[in-house]
Amino acid sequence: MRSQVMDWQGVINSLDSLVFQETGQHLDNLQTAILRGVLNGHKYSKIADDYNCTIGHVKDEGYELWQLLSDLLEEDIAKSNLRATLERLGFTNSQQKIIGNPIQIGNLNLYGNPDSQPKSSASKTDSIQSDIPIDALELTENQRRAIAKLISFHLTPAQIAEALGLSLEQVQHNINP
């Protein structure tokens, strides 16, 4: 019995959007073919045959692609762990896409495009005000790095606070100290 091939196009589109957002360039045809092939369990030899190039060329391009994705996702990405890593990071939720559309991590929904954010969520979260002492607003270095990374994905302070389990005031204080 042949194994079912999953449609990974939404994941590839999300990765392409991430690459474009960070580098200003889209994935090229071979990079897309490598992603599609690897995600569907194909060997480099099949990808090379399908793309009409040498296995060596596919391996070289694959290596560069894994380095690019490793840098962007701040994860060690390789052919051998691509699928598992993307699943762990939430890229394979067929109901949601990572970039420009709602993001779902567990029970948490984030909205990459502020225009698509539900009004009730935005107005309720953005209007929260409290008198938290300045000492309580300080975050760890890892939390500050996570905030910076999420800002680069154009998430709002309210979305970042929800994603990291922080108060809106903590996020705002660390964006504009």
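The values are calculated or read from the model by the stated rules, or taken from the named source; none is laboratory data. None of these values were measured; they are calculated from a predicted model. With ligands, DNA and RNA removed, areas are computed over all heavy atoms of the protein, side chains included. Shrake-Rupley method; radii C 1.70, N 1.55, O 1.52, S 1.80 Å.
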- Message: Please report the accessible area of Glu162 (heavy atoms, 1.4 Å probe, ligands and nucleic acids excluded) in Å², nearest 10.
- Response: 90 Å²
- Ranking Phe20, Phe91 from most to least accessible area with a 1.4 Å probe gives Phe20, Phe91
- So what's the convex hull volume per residue for the Cα atoms of the range 1-91, in Å³? 97 Å³
- Using a 1.4 angstrom probe with every protein chain in place, what is the largest-first accessible-area order of Lys59, Lys46? Lys59, Lys46
